[in-house]
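Values quoted throughout were computed directly from the atomic coordinates according to the rules given, and no laboratory measurement underlies them. Note that the structure is a prediction, hence the values are computed from the model and not measured. With ideal geometry, Cβ positions are generated from the backbone for all residues, glycine too; neighbour counts draw on all protein chains shown.
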Protein chains: 2
Amino acid sequence: MRKRLVEIISVGNELLTGHTLNTNAHWIAKQVTDAGGIVKKVTIVRDEINEIASSIRESLNRKSGWIIISGGLGPTYDDKTLRGLAEALGQKLVLNEEAVGMLERKYRKTSNPMLTAPRIKMATMPAKATPLENPVGHAPAVMMKRGSCTIFSLPGVPTEMMAVFAKHILPVLKRKIGKLVRIETSLETTNVMESVIAPYLDRVIASNPKVYIKSHPRGYSKGVSVLHINLACEASSRKLASNYLRKAVREMKQSVTDAGGKVKEI
Amino acid sequence: MRKRLVEIISVGNELLTGHTLNTNAHWIAKQVTDAGGIVKKVTIVRDEINEIASSIRESLNRKSGWIIISGGLGPTYDDKTLRGLAEALGQKLVLNEEAVGMLERKYRKTSNPMLTAPRIKMATMPAKATPLENPVGHAPAVMMKRGSCTIFSLPGVPTEMMAVFAKHILPVLKRKIGKLVRIETSLETTNVMESVIAPYLDRVIASNPKVYIKSHPRGYSKGVSVLHINLACEASSRKLASNYLRKAVREMKQSVTDAGGKVKEI
């Protein structure tokens, strides 16, 4: 079980001022869930070494199998994630020769190839870090191990984060935890309040232990209460998951009708 | 300083599966920042009592002035925030008569006015909770104190969360911490890589200690590197903040030009 648990740490003041919406964590959570993992927690922290380090330490103490960090790998002063990671793990920051090679090959193609101090900073990593090539940007990503936990540190620029995830993380996740197929569907109900459907929901949940069911109120349309009910199931095969899910959907639809509401799959 | 620090805790499995984007925390962060607060951390946790309780306890230990929780106040089984909050504070869950009155008045207007068990659940709160009327939905919000920290627990439905925030939280925040005016602007630079601008950025930051400056790579447009540089300033008056900000913008523009790039305010 523990090896399926994933924590996500997003680094960046812009995510804490309302300047930038945290689409990175949302995208990573979807990828992890679809690959058979369970995201246990997401934390957003400021660009401060102590904040980054303490969040990583707290996350390690919670014993997830994976920690996926994004943001703070760039060349500027406020890119502090690798310093926070080094502090959390009690490792020195050192120049990583493999990462230097990656940067050399990238900048060699530009009109400005010199490895200046800000560029060298992107190759300065915790002593035991493994650099991961960034397919679309400059800053290398990082992989590290601590006990049975694997830590990945990705860039915050969404296109770079996604490219690194697809190349270096997804294949590993699928190999290590991708034993289950997950499918989901949603129902939209009208004309029945959440407080009225609640006891019916409890019964459908009790008779479908393999299916995760959750209601989301969507307010009122033309004075009539609208709810979305999300149903999801994981099983060892798509056919088995589908059988579990169809049974729960049938019972849920019947319950809504019994409670005086209307229902459709969306 | 501590009284300006705010932590946000978002509760809901749907935020951890990639099903729902966490727009609530983003919106709250913007409101808090504009009101003069500093969001120190955002945490997203699953709909599990222990997870909710331990996140609230960790947050209290970090000594923020405010904790704003959203999600998990509804009538269904998986709405567990108040149980988590009671556990975190070591208080019993009790029926809150004032909250019962709020629900009675709301449901009296519907075709289905009875206070059934799922509705009573929404009035079952930690012993020392103060219920806050929900202007657009049913579930009352909650305010609690622990030492010098004020905890608010809001519904997760965005329209309800925003209405409760506007009515009950924003006026309090403005009165307690709204002594500073915050303004910001952004520059877009082209034709200069972040690793090239980095040392110029350091100098502008050093000579403008009142201004927060951060660069955000925006990838490439027609083969040319694009950066956004966000500049923000807080001061006791708009005029003072504007003076600080204009000086930093002038220096930043000159630096980009010196580094061979083009720049405009966006």
Review point. Relative to the other copies, what are the label-point distances for B:Thr116, with labels 7 Å from Cα along the C-beta vector, expressed in nm at one decimal and sorted shortest first?
Key: 6.7
Check your understanding: Using the count of nearby Cβ atoms within 10 Å as a rough guide to exposure, how do B:Ser54, A:Ser215 rank from fewest to most?
Key -> B:Ser54, A:Ser215
Review point. Of the residues B:Ala206, B:Ala99, B:Ala127, which exhibits the maximal mean-square fluctuation in a Gaussian network model of chain B defined by a 10 Å Cα contact cut-off?
Key: B:Ala206
Exercise for review: Might you report the magnitude of the Cβ-based charge dipole of segment B:2-177 about its Cα centre, with Lys and Arg at +1 and Asp and Glu at -1, to the nearest 20 debye?
Suggested key: 800 debye
Check your understanding: Quick one: net charge of B:Glu251's neighbours, Cβ under 11 Å, K/R +1, D/E -1?
Key -> +4
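In the protein assembly as shown, how does Rg compare with the Kirkwood Rh, expressed as the Rg/Rh ratio over alpha carbon atoms?
Value, to two decimals: 1.00.
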Review point. With Cβ to Cβ distances under 12 Å as the rule, what net charge do the other residues near A:Asp34 carry (K, R +1; D, E -1)?
Key: +1
Practice item. Find how much the distance from A:Glu98 to A:Ser207 grows on full extension, using 0.36 nm per residue of separation minus their present alpha carbon separation; answer in nm with one decimal. Key: 33.7 nm
Point to revise | Overall Cα dimensions of segment A:10-62 - principal axes, largest extent first, Å | key: 32, 29, 10
Check your understanding: Can you sort B:Thr110, B:Thr81, A:Thr130 so the residue with the fewest Cβ neighbours within 10 Å comes first?
Key -> B:Thr110, A:Thr130, B:Thr81
Review point. Where the label is 7 Å out from Cα toward Cβ, how close does B:Ala166 come to the same position in every other copy, in nm, shortest first?
Key: 4.1
Practice item. Select from A:Gln31, A:Gln254, A:Gln91 the residue whose mean-square fluctuation is largest in a Gaussian network model of chain A (Cα-Cα springs shorter than 10 Å). Key: A:Gln254
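Quick one: work out the % antiparallel among DSSP beta bridges in the protein assembly as shown, nearest 5.
70 percent
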Point to revise | Rounded to 5, percent antiparallel among DSSP beta bridges of chain B | key: 65 percent
Exercise for review: State the dimensionless ratio Rg/Rh of segment A:181-265 (Rg: radius of gyration of Cα atoms; Rh: Kirkwood radius).
Suggested key: 0.99
Exercise for review: Compute the convex hull volume of the Cα atoms of segment B:49-89, divide it by the residue count, and report the result per residue in Å³ as a whole number.
Suggested key: 60 Å³
Exercise for review: Output, in nm with one decimal and in ascending order, the distances from the B:Ser207 label point to the matching label points of the other copies (7 Å from Cα along Cα-to-Cβ).
Suggested key: 7.5
Review point. Quick one: of the DSSP bridges fully inside segment A:1-155, what percent are antiparallel, nearest 5?
Key: 40 percent
Review point. To the nearest 500 deg cm²/dmol, what mean residue ellipticity at 222 nm is calculated for chain B from DSSP H runs of n ≥ 4 alone, each contributing -39,500 (n - 2.57), summed and divided by the residues?
Key: -11500 deg cm²/dmol
**Study point:** Where Rh is the Kirkwood radius over Cα pairs, Rg/Rh for segment A:2-177
**Key:** 0.95
Check your understanding: Which whole number gives the average, over all residues in B:24-34, of C-beta atoms from other chains lying within 10 Å of the residue C-beta?
Key -> 4
Point to revise | For the A-to-B rotation axis, chain A residue with nearest beta carbon and its distance in angstrom | key: A:Thr43, 3
**Study point:** Sorted by Cβ density within 10 Å, fewest first, the residues A:His26, B:His228
**Key:** B:His228, A:His26
Check your understanding: Leaving out same-chain residues fewer than 8 places away, which aspartates and glutamates sit with a Cα under 17 Å from that of B:Lys214?
Key -> A:Glu14, A:Asp47, A:Glu48, A:Asp78, A:Asp79, B:Glu184, B:Glu188, B:Glu194, B:Asp202, B:Glu234, B:Glu251, B:Glu265
